[in-house]
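This report refers to the structure that appears directly beneath it.
The values are calculated or read from the model by the stated rules, or taken from the named source; none is laboratory data. A quick note: this is a predicted structure, and the numbers were derived from the prediction, not measured. Every residue, glycine as well, gets a Cβ built from its backbone with ideal geometry; the counts of neighbours run over all protein chains shown.
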Amino acid sequence: MRQLTLTFLSILMFIPFVHIHPFVMMSQASKSKVRVWYATALVLLAVEIALFGSLIYFFGSFSRGMLLTIAGSSLSYIVGNGLLLNQAKHYLQRLELGEVRELKWISTVGSQRKLELAAPTLDTPQLFIERLMYWRKQIDNRILHQEIDKIIRLFHLLEKKDIREAEKFLVRHSTVVNVLMQYDELENANLQNAVTRESKDKMVHIIRQASQAIEQEVTDLFRVGMLDISAETDVYLQSLKSRNLLKD
């Protein structure tokens, strides 16, 4: 929970007019690259500045304006920190995704994003990884967790080796995401019968076979690359020998 240290600190700073929640939200928005959080942070900051200005204006008087200013500051504290707590889970998920690939700015992580993750079609390498990680969290199966982790690792290797092959990979292995989605549906159905168990076992078997096929695919690609390097080095060494720069 180290990533939420500033959130907890913001909650502890409940003294009126000494609030840091706009800056905490701005920091989280920058790290997780979520535009709506950044915009919300700017609005909250503007509110805090306005309240501070009101405090200076009414300072020293026990007027209705001063009471409204104090009430506004308390409401700002509740709303701001409530929003921080509400986005904490999504913030941690974005940070986790950032550990495996570079994040790109998105508008929101709300319901529309969840629908994109659940959709069967695939668009970009980032969305492919996001969907794998999403279904990994939803599924309660240690074997599938291991296979998903393996597929993600292999995909990263392939992406670094040849981006065009990685794009072809998305087309060839889109079924992996569909199978995980169907497994999650069966798991959530809570149907304890032979047909359901057989279907789930079959899906686990499919993912394991897919993982093995992907590993072989990446291995073959690296093998071809090593053969190309070997042929190039042979020509290079032969040219050195022909120029009497290298002895046999």
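Odds and ends about this structure:
- For residue 233, the requirement of being part of a helix (DSSP H, G or I), modelled with pLDDT under 90 and surrounded by fewer than 11 Cβ atoms within 10 Å (Cβ to Cβ) is met.
- Scanning the range 179-222 for residues that are surrounded by fewer than 12 Cβ atoms within 10 Å (Cβ to Cβ), charged (D, E, K, R) and closer than 20 Å to residue 152 by Cα turns up just one, 220.
- Scope the range 30-57; condition within 19 Å of residue 104 (Cβ to Cβ), without any contact (Cβ under 8 Å) to a residue 60 or more places away in the chain and surrounded by fewer than 16 Cβ atoms within 10 Å (Cβ to Cβ); matching residues: 30, 39
- Breaking point among (1) within 16 Å of residue 83 (Cβ to Cβ); (2) among the polar types (S, T, N, Q); (3) surrounded by fewer than 13 Cβ atoms within 10 Å (Cβ to Cβ), for residue 27: (3)
- The range 37-69 - residue that is among the β-branched types (Val, Ile, Thr) and under 39 Å from the mean Cα position of the chain (by Cα) and, of those, nearest to residue 7 (Cα to Cα): 40
- Taken as a whole, the range 68-78 holds at least one residue that is surrounded by fewer than 16 Cβ atoms within 10 Å (Cβ to Cβ) and within 28 Å of residue 93 (Cβ to Cβ).
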